[in-house]
1. Most exposed first by the Cβ proxy, i.e. fewest other Cβ within 10 Å, how do Leu34, Leu42 rank?
2. Please list, ordered by chain and number, the residues whose modelled amide H lies under 5 Å from the amide H of Val45; skip anything fewer than 5 residues away on the same chain.
3. Using the alpha-carbon atoms, what tilt in degrees (0 to 90, nearest 10) does helix 30-39 show relative to the longest principal axis of the chain?
4. Counting only DSSP beta bridges with both residues in the chain, what percent are antiparallel, rounded to the nearest 5?
5. Counting other C-beta atoms within 10 Å, which of Trp201, Trp251, Trp48 has the fewest, and how do the rest follow?
6. Using a cut-off of under 16 Å, list every residue of the range 175-198 whose amide N is near the label point 7 Å from the Cα of Ala229 along the Cα-to-beta-carbon line.
7. Under 5 Å between amide hydrogens, which residues at least 5 positions from Gly117 or on another chain qualify, with H placed 1.01 Å from N in the peptide plane?
8. Note the full-extension length gain between Glu29 and Ala218 as 0.36 nm times their separation in residues minus their Cα-Cα distance, in nm to one decimal.
Amino acid sequence: MPADPVLLDAPSRRRAGAGLRGLATSDVERSQRLRLMRSGALGSVHSWELVTAVDGPGTRLTVFLNGCPLRCQYCHNPDTWSMRDGGPVLASDLLGRVERYRGVFSATGGGLTLSGGEVLMQPAFAARILRGAKELGVHTCLDTSGYLGANATDEMLDDTDLVLLDIKAGDEDTYRRVTGRSLAPTLAFGRRLAERGVAVWVRFVLVPGLTDDPANVAAVADHAAAIEAVRPGTVQRVEVLPFHQMARDKWAELRRAYPLADTEPPTPEATETVREVFRSRGLTTY
Ligand code: SF4
């Protein structure tokens, strides 16, 4: 029998759930597994949890998928980086879990959030889950860096009500320092979301000494404003997330050298100053 879900009130950002409680983990053979993954019938899943006031509106079933092409210095989920480390989960089983919480979602204005890792590493699985959720009448949200936005089909975006789009830095050099990859795909994905009428919540993690340079903050705010300008009303909010040290133990457990081990969180005043930069572009900011 599935264990009872853990209801978390406003937990800290970017954490992975406790596991795959209640989700049948398929024990299909490796060759069959690859075929099912290509078709989207099977996904590599790290964990799930039921959360309130994070990952989108209302109470949400957040599912963390495995696999990510980025290597963010502040990553809270380095155990999701490899697809191989996830548990094989059938889309039908996951959708059964979504259906089970439909009453909770409609009572709270919540829904399903696909997170990671990077959801768009598994576009066929994500598309199948999003389609199934929409057929159940459930609000859907993608939490993504946008780096693999080209993997999202138009049909997939039509099944997505909201995208939590991480803009991790404002220029290519800083973005590469933070993530190891290029910023341009994220910005292109943001413009595409606006053109297709998909709502966006921009997220920016404020890390002293890494992303807090005023020129970088101004550039991120300009990018968010540019997405909003494509179709006014697209960027419903900007979340400025102050860096904290909750990932340090996880990096240690994985025996990875944590580059931000000695970094302090920003002060509340510094965080508020950054929020003001976004507000000065006419954006609603938390
Ligand atoms: S995008 Fe960055 S923060 Fe998110 S899972 Fe990948 S490495 Fe971690």
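What follows is calculated from the coordinates using simple rules that are stated; it is not laboratory data. Worth saying up front: this structure is predicted, and the values here are computed from it rather than measured. Using ideal geometry, Cβ is built from the backbone for each residue, glycine included, and neighbour counts are taken over all protein chains shown.
1. Listing Leu34, Leu42 from fewest to most nearby Cβ atoms yields Leu34, Leu42.
2. Correct list: Asn66, Gly87, Val89.
3. On a 0 to 90 degree scale, this one is about 60.
4. On the way: 13 of 42 bridges.
In the chain, DSSP labels about 30 percent of beta bridges as antiparallel.
5. The fewest-first ordering by Cβ neighbours comes to Trp251, Trp201, Trp48.
6. 187-188, 190-192, 194-195
7. HN-HN under 5 Å from Gly117: Thr80.
8. 63.0 nm
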